[in-house]
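Structure first, then comments.
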Amino acid sequence: MAHIHEKIDFTVALLIVHENRILLVLHRKLGKWLPIGGHIELDEDPEQAALREGFEETGYELELVGERPPTTEDGTRALIAPRFLDIHRISATHEHIGMIYLARIKGGALTLAAAEHHDIRWVDAAGLDQLQPPLSNAVRWYCLQALNELREPAV
């Protein structure tokens with residue numbers, strides 16, 4: 001989707017963890033390894049955007065990890081809060097407010113969204129430092145946090 005404002009947009013990112021690995025994409029336009037994500041469209045809330053982006057970019061049906069407050073009633077719908085929030089510069093005149101969610105796979109099969117990404121791959125903690133081009137410090141930190149918080153016990 002195109003930017004909805006010239007100076008700032010709201011976006012979602014998904015830190016998808018499975019078997020102690022995190023799913024990253026090599027973004028075609030930005031030339032960087034990033035988590036799955038994209039813009040929140042005008043007709044959706046952040047949860048809907050996260051689940052839509054996740055499916056479009058990976059082929060997976062996902063579940064967001066987090067707590068939904070018990071406050072839904074007429075006129076109010078509780079949402080799962082993002083695990084992290086940030087604001088990051090896209091260009092000299094444009095920024096994104098990022099809502100960063102933790103997620104797990106519910107179903108589906110991995111598919112590369114070739115129009116948006118050069119590559120998609122599962123990466124363990126040690127592999128984060130092997131990616132080329134290297135991850136930004138912020139993306140690396142978010143990935144390590146997600147891997148730690150969603151760690152599966154050794155079998």
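Coordinate-derived values only; no laboratory data. Just so we're clear, the structure is a prediction, and the values are computed from it rather than from any experiment. Cβ coordinates were reconstructed from backbone atoms using ideal geometry, including for glycine residues, and neighbour counts include every protein chain displayed.
Quick notes
- Three-way shape label, region 5-90, alpha-carbon gyration tensor, a/c 1.5: oblate
- Beta bridges per DSSP with both ends in the chain, % antiparallel, nearest 5: 75 percent
- Every Cα-Cα pair of region 23-62 was included, and the share exceeding 11 Å stands at 63 percent.
- For the chain, the mean projected area of the C-alpha convex hull, equal to one quarter of the hull surface, is 10.3 nm².
- Interchain or long-range residues, amide H under 5 Å from residue 124's placed H: 22
- Summing Cβ point charges (Lys, Arg +1; Asp, Glu -1) relative to the Cα centre of the chain gives a dipole of roughly 580 debye.
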